[in-house]
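The values are calculated or read from the model by the stated rules, or taken from the named source; none is laboratory data. Values in this document were obtained by computation on a predicted structure and should not be read as measured data. For neighbour counting, all protein chains shown are included, and Cβ atoms are generated from backbone atoms with ideal geometry for every residue, glycine included. We work out accessible area using only protein heavy atoms, side chains counted, and drop any ligands, DNA or RNA first. Shrake-Rupley method; radii C 1.70, N 1.55, O 1.52, S 1.80 Å.
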Amino acid sequence: MRYVFPAAMAVLSMLAPSGLLGQDATAKLVPGDATVGQNLEASATVTLNGMTPGKDVPITLKSNDPGRLLLSATAEGPGSASIVITLQPPSRESGDFYLQGRGKSGTVTYTASAPGVSSGMGTVTLAPSGIVIFGPYDKASFLTTTGTAKEISVHAALLDSSLKYVAKQLVAGGLSVKATVTGSNIAVGKMTTSLVTIPGGSSSATAQFQPATPGETSLGVNTPPGFSTPAEHASVTAKVVTPRLGLTEEETVGRNLQGGGVLGLGEPAPAGGVVVTLTSNDPSRLLLANDTTSGKGSGSIKIAMPPGSLNTLYSLQALSDSGTVTYTASAPGYTGRTATVTLAPAGVVVAGPISFPRSGGPRDPGFMTSLAAGPTTLHIYTVFLDPVTKRASDMTVQSVRSDLLPLRVALETSDPAIGTVPSPVTINGGWDSITTQFTPLKTGRVTISIITPEGYATPANATRLTAIITP
């Protein structure tokens, strides 16, 4: 006698005629619902509830009203009344298919069926569709300059019953939508390509707006056949302005020193380039130079900007040590700019390798060395000073005016028998520092000091260093 044990019976049950693993009497297909615009499409899936398939499951999807709803297995494919998709194990959810709307109101159903499971029905809500237009970053208005083209995007959109914008949606596969973008004021700018095409399976296309002169223009898109005119986002406003020039603003420059400036263009220089003129509004106190290291200062300079360039450097040279002074930039096709420079005293400071604390008092600038170590490198800097405190810092280091003779700076030590420094040292025009060396001669303590050059102010700090020499 042959027996069939419970475990074997379970296996046989799973291999029932349907060939589906885990078959259950409650197994059912559940198609997704969607809202679809006229001549548009939305993706959906089918879920198999109550079981897990043991092999591929062919699912037939059928529109219950092909005049208003078609289906497609791919986003680009043309719609049909019925399609077959495959649900693959172990997933209980199918891949995407597409529901294509052919009406703009009401609801329509479609049915999903497969061998061995209960059929299911999905509901599609049909809605109006429209063509909408957006500026950069999907804005309803945008700002640009006379020479900077901007990309305009045209989208197929799902609309609500009031024809208001709901969301972007794909054009139904097998169709394509042509739309024309036009401007209200071609003197301000125009579309370089006015006709755009949105292919089936896509939701958008782009066109380019080329501005010409300052002003405003409204860019609109027509309503193609089979679409409704949207109650919003049917146009976008372009505001065109003349590009600006940018200058270094609120720079502080020490007397007989120079600070670096940056000239910026609000849009890249056009074909053929552009010449920008910088003019000091008081040449007796402020000069300008093209070269940041060796240029001779002038009351007015011209800077040639090559095609496509956006910025370059220049120098601000101070002839006074107090107050403020302005300078102006101008160029054809750009809005001019005026900037302010603060004039400050300038000084010379010295820095060593380290600082050390003095017992019972505040930190005293200086360093420790030894006879065995030999010479120590010192750094001499030109700096602008705080107009009130007359203090300097590493942030106020500034180069000597490039059109001046080399600056000679005298140094001295409090006891040449303990240590010496070369004197004078020279800082060339366009440079902001020089290095020199302190040479220890015997053990002890000595102060290294800067003697303030003529035309410079004595800083409230960093003009002396104390050196302690050990054997």
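Report yes if some residue within region 169-189 is open to solvent by 60 Å² or more (accessible area, probe 1.4 Å), in a strand (DSSP E or B), touching a Lys or Arg at 6+ places or on another chain (Cβ under 6 Å) and touching a residue at least 24 places away in the same chain (Cβ under 8 Å); otherwise report no. Taking every residue of region 169-189 in turn, none turns out to be open to solvent by 60 Å² or more (accessible area, probe 1.4 Å), in a strand (DSSP E or B), touching a Lys or Arg at 6+ places or on another chain (Cβ under 6 Å) and touching a residue at least 24 places away in the same chain (Cβ under 8 Å). Of all residues in region 190-217, exactly one satisfies the criterion of being touching a residue at least 40 places away in the same chain (Cβ under 8 Å), aliphatic (A, V, I, L, M) and either open to solvent by 30 Å² or more (accessible area, probe 1.4 Å) or part of a loop (DSSP other than H, G, I, E, B) (or both), namely A212. Residue-level check: of (1) more than 19 Å from N256 (Cβ to Cβ); (2) open to solvent by less than 60 Å² (accessible area, probe 1.4 Å); (3) at pLDDT 90 or above, G366 misses just (3). Against the list (1) in a strand (DSSP E or B); (2) within 23 Å of S433 (Cα to Cα), the condition D403 fails is (1).
Just so you know, in region 104-146 the residues that are in contact with a Pro (Cβ under 6 Å, 6 or more places away or on another chain) and over 26 Å from N39 (Cα atoms) include one that is least open to solvent (accessible area, probe 1.4 Å), and it is T144. What are the residues in region 57-80 that are touching a Lys or Arg at 6+ places or on another chain (Cβ under 9 Å), open to solvent by less than 30 Å² (accessible area, probe 1.4 Å) and among the small types (G, A, S), if any? G79 - this is the single residue of region 57-80 that is touching a Lys or Arg at 6+ places or on another chain (Cβ under 9 Å), open to solvent by less than 30 Å² (accessible area, probe 1.4 Å) and among the small types (G, A, S).
Here L70 meets the list (1) closer than 22 Å to V117 by Cα; (2) among the hydrophobic types (A, V, I, L, M, F, W, C); (3) at pLDDT 95 or above almost entirely, failing just condition (1). Of the residues making up region 70-101, those that are more than 42 Å from the chain's Cα centre (by Cα) and either over 15 Å from L29 (Cα atoms) or in contact (Cβ under 8 Å) with a residue 40 or more places away in the chain (or both) are L70, S80, A81, S82, I83, L87, P89, P90, R92. The set of residues in region 380-392 being surrounded by fewer than 18 Cβ atoms within 10 Å (Cβ to Cβ) and either free of Cβ contacts under 8 Å to residues at least 60 places away in the same chain or aromatic (F, W, Y) (or both) consists of D386, V388. Of the residues in region 237-253, not one is under 30 Å from V348 (Cα atoms), in contact (Cβ under 8 Å) with a residue 60 or more places away in the chain and small (G, A, S). I'm told M395 meets every condition in (1) touching a residue at least 24 places away in the same chain (Cβ under 8 Å); (2) open to solvent by 60 Å² or more (accessible area, probe 1.4 Å) except one. Can you identify the failing condition by its number? For M395, the exception is condition (1).
Selection of first residues in region 50-62 that are in contact (Cβ under 8 Å) with a residue 24 or more places away in the chain and of second residues that are open to solvent by less than 70 Å² (accessible area, probe 1.4 Å) and among the charged types (D, E, K, R), restricted to Cβ pairs under 7 Å at least 6 apart or on distinct chains, gives the following pairs, ordered by first then second residue: G50/D24; M51/D24. Under the condition of being under 18 Å from A351 (Cβ atoms) and in contact with a Ser or Thr (Cβ under 8 Å, 6 or more places away or on another chain), the residues counted in region 374-395 number 13. Residue check: G430 meets all listed conditions (1) loosely packed, with under 15 Cβ neighbours inside 10 Å; (2) modelled with pLDDT under 95; (3) not acidic (D, E) but one, namely (1).
Inspect region 309-316 for any residue being under 25 Å from T396 (Cα atoms), without any contact (Cβ under 8 Å) to a residue 60 or more places away in the chain and touching a Lys or Arg at 6+ places or on another chain (Cβ under 6 Å) and give the result as yes or no. The answer is no, given that none of the residues of region 309-316 is under 25 Å from T396 (Cα atoms), without any contact (Cβ under 8 Å) to a residue 60 or more places away in the chain and touching a Lys or Arg at 6+ places or on another chain (Cβ under 6 Å). If you check T324 against the conditions, is it of a type in the set (S, T, N, Q), in contact with a Ser or Thr (Cβ under 6 Å, 6 or more places away or on another chain), closer than 24 Å to L385 by Cα and open to solvent by 60 Å² or more (accessible area, probe 1.4 Å)? Yes: the conditions hold for T324.
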